[in-house]
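Here is the structure we will look at.
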Amino acid sequence: MVSIRSETLADIPEIAALHVRAWQVGYAGIIPAEVLDALDAGQRAAKRREWHGATQFHTLVATDGPDDAIVGFATVGPYRHQQDRTNVDPTIGELLAIYLDPERVGTGVGRALLAAALDDLRESGYDEVRLWVLDANTRARRFYEAAGFRPDGERAAYAVNLRSGGDPVLLPELRYARRLD
């Protein structure tokens, strides 16, 4: 049975490893392979430790199984203007991230985690939530649309820096939104 709770400091290595796996599987064919192959769970964990408890953003984890393994996580908070954590709109909520263990995609864990994340935002006083999704990520777009999100017309480019150097690859993103009432 899946349980959802707040992230703890002890969860960070497991969340970081899941984050890397989810990117490598979920973004294959969307983000250049050299970028996905170079992802490092240790670096992700260090960044998460830096942010843990020191920001206005909150991460929920989904656990399952006899060992309560982390099978997904979602991060929510105030909407970031231009996706800048230091420039937020406290009147609008944002789903910054939602990632699952690739083996758990399509099992209901994502729906449960998203419902908990939206409840968290609602309980924090938000009546609107936004998120950014890569235009080419059709699976994620269908997931969000099934949950009532719709594109609101805003677009951006997600810059992916290549390890080999040169100009970053710019991937089109769409902003989705929905009401929380």
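The values are calculated or read from the model by the stated rules, or taken from the named source; none is laboratory data. As the structure is a prediction and not an experimental result, all values here were calculated from the model. Neighbour counts run over all protein chains shown; Cβ positions are idealised from the backbone, glycine included. Accessible surface is based on the protein model in full, side chains and every heavy atom, while ligands, DNA and RNA are left aside. Shrake-Rupley method; radii C 1.70, N 1.55, O 1.52, S 1.80 Å.
Exactly one residue out of TYR79, TYR99, TYR126, TYR176 is within 20 Å of HIS19 (Cβ to Cβ) and of a type in the set (Phe, Trp, Tyr): that is TYR99. Of the strands (runs of 3 or more DSSP E) lying entirely inside the stretch 97-181, those carrying at least 1 residues that are hydroxyl-bearing (Ser, Thr, Tyr), within 28 Å of GLU14 (Cα to Cα) and open to solvent by 40 Å² or more (accessible area, probe 1.4 Å) are 150-160. Of the residues making up the stretch 48-67, just one is on the phi > 0 side of the Ramachandran plot and open to solvent by less than 60 Å² (accessible area, probe 1.4 Å), namely GLY65. Residue count for the stretch 10-37, restricted to those that are of a type in the set (A, V, I, L, M, F, W, C) and either closer than 19 Å to ALA117 by Cα or open to solvent by less than 30 Å² (accessible area, probe 1.4 Å) (or both): 10.
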